[in-house]
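See structure below.
Values in this text are rule-based calculations from the coordinates and carry no lab data. Please read these numbers as outputs of a predicted model, since none were measured by experiment. For neighbour counting, all protein chains shown are included, and Cβ atoms are generated from backbone atoms with ideal geometry for every residue, glycine included.
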Amino acid sequence: IILMRNCYMQMITQMLATDLDGTLVGDEKHLKDLLTYYEGLQKKVTLVYVTGRHRESALELIKEANIPMPSILISDVGTGIYIGNDLKPDEEWNLLMKKNWNPEAIKKIASHYPTIVPQKLPDESRISYTAQEDEGSVEKLKQELLQANIPHKFIFSSGRDIDILPEASGKGSALTYVIEKYVEDQASILIAGDSGNDEEMIRLGYPSVIVANAQPELIAIQDHPQLFRATKNCAGGIHEAWLHFYDN
Ligand code: GLC
Ligand code: MG
């Protein structure tokens, strides 16, 4: 695919692409130390937030946790991409990722499972559920969707959240799109996460960190040469990994 020229911002040369809940946010002291460290660097590190939350919910958390606004926000488990100070939706991405998306068919099948409760979301560019302590049903739903041949991505994380996404979306696919369109080839990149919905982006092969407080499903993923397993929680783990990869 040929991407439209990026006309919103200079190409990124240093980037932290991080999940929010349980990764950047979750340990105030470590978070403060990390932000102070980044402020002291000569070259600016561009912040890209990659969250399961929808746009408004992410903005609430940004305010609540008092963290900087990102240059790019990837929301809704990698279905929304927002760019620049005014967080304008990347319309090209919207078109690309919605291919084959059939939320009605998915909702119909999921309605067979009483312990799998729909989340309230502002739109249907993804369909998410909360599983009520019933992993048997989660597995059955997953199988039923596969058998029905409905294009989608199925992500179960934190023993609770089910995200059903358009096939071309997800945190890994969205971040790949962002890197191709907005990031320089030789850029310093760090990707950080703590749970199952981060797996896709952690596995892309870029310098990545799994924070020490991560969920079992993320800790269980295979190593790759650029994967760092932190000994510290949340932002402390990000800080540790940034120093590991880029402080020389
Ligand atoms: C966040 C979102 C929720 C999603 C979960 C896992 O908690 O608010 O909608 O299901 O992340 O991705
Ligand atoms: Mg998280």
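Mind putting a number on the dipole of the range 167-209 about its Cα centre? Charges go on the C-beta only, +1 for Lys and Arg and -1 for Asp and Glu, and I need it in Debye to the nearest 20.
Value, rounded to 20: 40 debye.
Between helix 28-40 and the chain, what is the angle of the helix's C-alpha long axis to the longest principal axis, kept within 0 to 90° and rounded to the nearest 10?
So the inclination is approximately 50 degrees.
Please name which of 177, 30, 241 has its Cα lying farthest along the dipole of the chain towards the positive end, using unit charges on Cβ (Lys, Arg +1; Asp, Glu -1) and the Cα centre as origin.
Toward the positive end, the furthest listed residue is 177.
Could you work out the helix-only [θ] at 222 nm for the chain, with each DSSP H run of four or more residues adding -39,500 (n - 2.57) and the total divided by the number of residues, to the nearest 500 deg cm²/dmol?
Here the helix-only value at 222 nm equals -9500 deg cm²/dmol.
Which FRET efficiency value, to the nearest 0.05, is calculated for residue 29 and residue 91 with the Förster distance at 45 angstrom and r the Cβ-Cβ distance?
Between residue 29 and residue 91 the formula returns 0.70.
Can you compute the label reach from residue 130? Point 7 Å from Cα along the Cβ direction, backbone N cut-off under 20 Å, restricted to the range 82-110.
107, 110
Return the equivalent ellipsoid semi-axes of the range 189-248 as a descending list in whole Å, where each equals the square root of 5 times an eigenvalue of the C-alpha gyration tensor.
17, 13, 8
For 37, 206, what ranking results if the residue with the fewest other Cβ atoms within 10 Å of its Cβ goes first?
By the 10 Å Cβ count, ascending, the order reads 37, 206.
Can you tell me how much longer the chain between residue 144 and residue 246 gets when fully stretched, taken as 0.36 nm per residue apart minus their C-alpha distance, in nm with one decimal?
32.2 nm
Fewest to most neighbouring Cβ within 10 Å: what's the order for 129, 246?
By the 10 Å Cβ count, ascending, the order reads 246, 129.
Report the net charge of residues surrounding residue 14, where surrounding means a beta-carbon distance below 11 angstrom and charges are Lys +1, Arg +1, Asp -1, Glu -1.
Within the 11 Å Cβ shell, the charges total +1.
Going toward the positive end of the dipole of the range 1-131, with +1 on Lys and Arg Cβ and -1 on Asp and Glu Cβ, which of 95, 128, 51 do you reach last?
With unit charges placed on the Cβ atoms, the residue in question is 95.
Below 17 Å, Cα to Cα, which lysines can residue 98 reach? Residues fewer than 8 away in the same chain don't count.
Within reach: 107, 153, 171.
Given the range 14-92, what percent of its DSSP beta bridges are antiparallel, to the nearest 5?
Expressed as a percentage, antiparallel bridges in the range 14-92 total about 45.
What lysines sit close enough to residue 88 to cross-link, taking a C-alpha to C-alpha distance under 17 Å and skipping anything fewer than 8 places away on the same chain?
In chain and number order, the partners are 181.
Could you check which residue among 27, 123, 223 shows the biggest mean-square fluctuation in a GNM of the chain with a 10 Å Cα cutoff?
Of 27, 123, 223, the most mobile in the Gaussian network model is 123.
I need two numbers for the chain: Rg to one decimal and Dmax as a whole number, Cα atoms only, in Å.
17.8, 55
Gap in Å between the Cα centre of the range 182-248 and the Cα centre of the range 22-46?
15 Å
Pick from 170, 237, 40: which is most flexible by mean-square fluctuation in a GNM of the chain where alpha carbon atoms under 10 Å apart are linked?
For the chain, modelled as a Gaussian network with Cα springs under 10 Å, the answer is 40.
Compute the signed sum of charges (Lys and Arg +1, Asp and Glu -1) over the other residues within less than 15 Å, Cβ to Cβ, of residue 173.
So the environment of residue 173 carries a net charge of -2.
Can you tell me what share of the DSSP beta bridges in the range 154-248 is antiparallel? A percent to the nearest 5 is fine.
Of those bridges, close to 40 percent are antiparallel.
Rounded to the nearest 5, what is the percent of antiparallel bridges among the DSSP beta bridges in the chain?
Taking every DSSP beta bridge within the chain, about 45 percent pair in antiparallel fashion.
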